[in-house]
Structures are given as structure tokens and as C-alpha cells.
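Worksheet for the structure shown next.
The values are calculated or read from the model by the stated rules, or taken from the named source; none is laboratory data. Predicted, not measured: the structure shown is a model, and the values here were computed from it. For neighbour counting, all protein chains shown are included, and Cβ atoms are generated from backbone atoms with ideal geometry for every residue, glycine included. Side chains are part of the model used for accessible areas, which takes the heavy atoms of the whole protein and leaves out ligands, DNA and RNA. Shrake-Rupley method; radii C 1.70, N 1.55, O 1.52, S 1.80 Å.
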Amino acid sequence: MPWRTTTSICGCIIMSGPFGSTAWMANPASGFYDFEISNSLRFDTASNTYLDRDSYTHDRQTFTYSFWFKPTNPTVRQFIFGRYIDGNNVSALEYDGGEGGRLSWYDYQSGAYTFQQRTSALFRDVSAWYHVVLRVDTTDSTAGSRARMYVNGTQQTSFSASTTVDQNVSFLLGDGGNDFRWGTEGSNNRLHFGGYLADIIVIDVSSLPPTSFAETKNDIWIPKSDIPGSDSYGARGYRLQFKNDVFDNGGSSIGVNTGSNTGDLGSPAFTASGLAAGDSVPDSPTNNFATLNPLIS
């Protein structure tokens, strides 16, 4: 069943999906998870929070983005990440709350979509963590394999709007121009994300499946311990784990790269705007805090 996640309440694991939650009797403290995500980063729409990287480059034809997110307001249009040049040139992932919680991933160049996937499925459970993998290889001769979106290990194939990317197209992501930002559209700096992001991993020059980052255990999609190693990130890949100790140990930003040791991103990989150490919180895909759903009156 897609979109399951876990919530730790009173020693039980709660499996959340599109139709609610049911208790599954197991204790994560007894070793259910082989790998635990210790922290997430809390973003606030009203405070215009985001992570910024100026002139960030990676391969524009072959790359992978993996991350976990938990929404807090599924009724408002917002951006999870974006790269903005102008109104005719944008590459982004929206959490389209205005349409009830769809994910809308697109590359828009010279006033036209070079690629677009807007899910038919809705991801609006504010008590759930969702794992998203975006894998791109536009050099692939098979049109359907050039850009694929997965949520909790399931490839999204039903879309309310879609445009198949042509072979060998270069995405705007990674082109090294205007700022790339997590938590907003990019340098346009609008429609900020509200919610939590955890364990962001970007792989340069490789298109990887979701099973590289997570796996199914007892019918629950959970993070893996043997995710790609530091030599697999590529020259411009990175990992953001949002650990509090990056502050305690003298790190200048929550955006410290804790993954690749072969890249040249420097430290921190991203600088924070409106974010502080207190926004690194223990609510995570392996330690999910109970949340009231604003959609239920």
C-alpha cells in the first residue's frame, strides 16, 4: 500500500496512509529500524525560511534527488525547492496545496514546459512522512525513463498534467546561475514551504532508484542504512541531515554537507535564511511526532 509511514506513539508504530492510520504493534526502540534519521529541519511559511546555494552546478542531464517531507498546511500552494531565473525560466518542485496536496515537478524554459509531472494522487496527511525520489537521465532512449518521480517507493504514473522530456534536454536545475533554494521557488523567494524536510540527498551524474535510499520492511517504507556512500555522490552531490551538532561543533549553518567527501561544495553547502539551531528538531521519518490534521474539523 503506497504512502505508508510510521508514527511513534506509546511504543507503537502507526502506519499512516491516504485513508488514515492504524496501529501496528512493534517497538522501534527494539531495533525495527536499521538506520534512524535523527533530525529534520522545520520550515515556516510565514517566516519565509529557506536554504540557499548561490551558483550551484551539477550535471543537468543525469542526477537524483532524494528527501523526506512532512507537510503542515496541505491547502496552500508552496515550493519544496526551486531554481528561478525569470517568469519564463523556472525549474521547481511544488507542493500544490491549492489543488489539495499534489506534487508538481517541472522544468520550464523559454516560456514552455520542457518537462512536467503533476500527480493525480494527493499527499496531505500532516501526520505522515513522505519519501520522494526524483531521478533524471535525459540521455535514455526510452522516453518514460528520462524523468521519474517516486513517493514511498511507488513510481507516480497518473498525472493531472504531464509533459514528457525530450532526449538529451538539459534541466535548468544545476546550471549554476541564480540561487537554488530549498523551501521556496528560488531567487523569486515566494510561496515558502511549511513543514519538515529530512535527509536530503542529491546524487550528481547518476540516476538511482528509490531502493538506493529506502526499503520495505513489514509493509512499511523506511530509510536504509546502506545508502550511497561518499564516493557515490558525484563531484557535486551532497547530503543534508540537519543535525544540531553542526552548531555545537562550530558549524556556521544548518546546511552543512554531511555526505560526500569528494565534492567541492565547501562548508556549509547551503546557508540558512530565517532558520536557527532550534529548527533542527527530532521529528523524523523514524521518530514521527503526532500532528493534528487541519483538514479534519
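Summary table
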quantity: Dipole-positive endmost among L93, T114, Q61 within the range 49-123 (Cβ charges, Cα centre); calculated: L93
quantity: Solvent-accessible area per residue, Å², over the range 63-174 with all protein chains present [probe radius 1.4 Å]; calculated: 30
quantity: Residue-level accessible surface for Y130, protein heavy atoms, 1.4 Å, Å²; calculated: 10
quantity: Share of carbon and sulfur in the accessible heavy-atom surface of the range 42-134 [1.4 Å probe, %]; calculated: 38
quantity: T139, T157, ranked by accessible area, largest first (probe 1.4 Å); calculated: T157, T139
quantity: Label-point separation, N168 to K224 (7 Å along Cα→Cβ), nm; calculated: 3.2
quantity: Probe 1.4 Å - accessible area at T45, Å² to nearest ten; calculated: 60
quantity: Largest-first ellipsoid semi-axes for the range 104-226, taking √(5λ) over the Cα gyration tensor eigenvalues, angstrom; calculated: 24, 19, 16
quantity: Efficiency of FRET between S145 and V281 - r from beta-carbon atoms, R0 41 angstrom, step 0.05; calculated: 0.65
quantity: Cβ crowding within 10 Å averaged over residues, with 200-212, 58-70 ranked highest first; calculated: 58-70, 200-212
quantity: Relative contact order [Cα under 8 Å, 6+ residues apart], the range 99-195, whole percent; calculated: 24
